[in-house]
Amino acid sequence: MADTLQFDLVSPERSLASMQVSEVQIPGSDGDMTAMADHAPTITTLRPGVLKVSGPAGDAEYVVTGGFAEIGDGGISVLAERAIAKADMDQATLKSMIDAATDAFEKAQDAKSEGVDDAAKALADVVAIGDALGISVN
Amino acid sequence: MANLKDLKNRIESVKNTRKITKAMQMVAAAKLRRAQEAAEQSRPYTERFNAVMAGLAASVGGSDSAPKLLSGSGKDDVHLLVIMTSERGLCGGFNTNIAKKARAHADSLLANGKTVKILTVGKKGRESLKRDFGQYYVGHVDLSDVKRLGYSNAQGIASDVLTRFDAEEFDVATLFYAKFQNVVTQIPTAQQIIPAAFEVEEGAEAATLYDYEPSEEAILADLLPRGVATAIFSALLENAASEQGSRMSAMDNATRNAGDMIDKLTIQYNRSRQAVITNELIEIISGAEAL
């Protein structure tokens with residue numbers, strides 16, 4: 001049996017998960033990474049995406065936006081500004097997230113600020129969440 | 001006779017007041033529990049966040065390339081005070097205490113020749129500081145329609161503050177709110193959020209060397225604005241708990257006072273009733289004697 005590690009998922013409003021898992025797939029801002037026990041200590045920021053957890057207690061998926069993941073000796077803590085369990089994710093929630101990202105993108109475009117690329121990427125990330133979960137907004 | 005009736009009415013009205021304050025106290029107690037739970041739920045996030053930020057800030061903070069949110073704008077001329085108070089009254093000294101703290105801070109800044117700008121959250125503080133500091137107001141956040149404080153409320157305030165900072169409207173930002181200790185004690189607190197100050201916990205954290213992805217600077221630049229939102233969010237939650245705690249003890253006092261008052265009025269009422277009876281007896285007896 002594979003080693004397990006402690007996994008915590010917290011958002012500012014509440015703690016969503018705290019359990020022993022064998023691997024966690026994190027949507028890092030530089031790309032996905034999968035962390036297992038004895039991973040080197042790492043801190044990475046998150047892009048909007050789907051966080052996958054699998055362990056002895058079963059698999060789980062969460063939609064996370066913004067924040068960071070800390071992989072340390074004690075396990076993994078993911079601090080996400082917004083985290084939603086896959087089961088609670090629906091069309092309306094996704095639509096509001098896409099609308100918010102679209103708004104930010106259009107604003108950045110109007111202002112011709114440096115943030116256009118980031119906003120475009122964030123929008124693409126949010127849209128990709130829908131594809132990953134098989135939710136369509138239209 | 002009119003006197004007796006007046007007293008009776010008076011007792012009745014105080015009894016009604018007591019019912020209201022009692023109800024308010026119980027509502028506040030229920031809300032307090034919810035507010036406390038919310039504050040507790042947010043604690044793991046805040047603590048972890050601050051621990052990581054403290055580590056990052058310690059390693060990047062010294063360099064020249066440190067983000068402005070951490071190192072400050074290099075000046076100390078314009079101060080933004082974010083004053084958080086409640087939307088409703090009848091909560092004892094809660095708003096007064098925060099306003100007093102903010103007033104003292106603003107006065108000392110003004111005395112030192114600094115410029116003060118004030119952003120108010122919650123209308124009670126705005127009203128009470130208006131007379132002295134009305135000309136420094138730059139904005140107001142209305143939370144009266146908010147039933148349940150969410151992180152998005154804090155994000156709204158934070159983005160307002162950050163936009164002003166980017167536009168170089170101020171150099172230092174300080175939050176004013178009441179920290180919840182227990183039901184009877186709430187401590188008015190001033191917390192500097194820009195430039196960010198993180199309490200470094202001794203020893204433990206520094207031992208782990210992390211890989212950073214992307215770079216340390218990029219992470220810091222990404223997280224600092226979130227840090228402002230986090231600080232504001234936890235201040236909002238603390239404040240909400242403090243407000244309910246303060247209201248609860250204020251209403252508890254009011255209920256007790258009303259009880260005392262009812263006792264006093266009842267004694268007075270009984271005495272006057274007795275006096276009226278005695279008077280009537282005297283009249284009857286002296287009338288009988290005169291025959």
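The numbers here are math on the coordinates, done by the rules we state, and not lab data. Model, not experiment: these values are computed from the prediction. All Cβ positions, even for glycine, are placed from backbone atoms using ideal geometry, and neighbour counts span all protein chains on display.
Order of B:187, B:83, A:26 from fewest to most other C-beta atoms within 10 Å?
Numbers: B:187 13, B:83 29, A:26 25.
Sorted ascending by nearby Cβ count, the order is B:187, A:26, B:83.
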Check: Taking every residue in B:229-236, how many Cβ atoms of other protein chains lie within 10 Å of its Cβ, on average?
Finding: 1
Notebook entry, point to check: How long is chain B along each principal axis, judged by its Cα atoms, biggest number first, in Å?
Noted result: 112, 41, 33
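Kindly provide the helix-only [θ] at 222 nm of chain B, computed as the sum of -39,500 (n - 2.57) over DSSP H runs of four or more divided by all residues, to the nearest 500 deg cm²/dmol? Write down the numbers at each step before the final one.
Details: 6 runs with 183 residues, N = 291.
So the helix-based figure for chain B works out to -22500 deg cm²/dmol.
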Checklist line | Cα-based shape type of the range A:89-133, given that a ≥ b ≥ c are square roots of the gyration tensor eigenvalues and the cut on a/c is 1.5 | finding: oblate
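Once you have the Cα-Cα distance between residue B:132 and residue B:274, take 0.36 nm times their residue separation minus that, and quote the gain in nm to one decimal.
Details: separation 142, 0.36 × 142 = 51.12 nm, distance 5.45 nm.
Here the answer is 45.7 nm.
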Checklist line | Two-site label geometry, residue B:13 and residue A:85: point separation in nm, points 7 Å out along Cα→Cβ | finding: 5.5
Note to self: For a quick check: sort B:256, B:247 by the number of other beta carbons within 10 angstrom, fewest at the front.
What the structure shows: B:256, B:247
Notebook entry, point to check: Using the alpha-carbon centroid of each, what span in Å lies between the range A:4-33 and the range A:59-138?
Noted result: 15
Margin query: Give the average, rounded to an integer, of partner chain Cβ atoms located within 10 angstrom of each Cβ in A:74-82.
Written below: 3
Margin query: Could you tell me the extents of the protein assembly as shown's C-alpha atoms along the three principal axes, largest first, rounded to whole Å?
Written below: 114, 60, 50
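Shape verdict for the range B:109-191, please, from the Cα gyration tensor: rounded (a/c under 1.5), prolate (a/b greater than b/c) or oblate. It would help to have the intermediate numbers written out before the result.
Values: a/c = 1.59, a/b = 1.22, b/c = 1.30.
The shape class here is oblate.
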Note to self: With 10 angstrom as the radius, rank A:63, B:183 by how many other C-beta atoms surround their C-beta, starting from the fewest.
What the structure shows: B:183, A:63
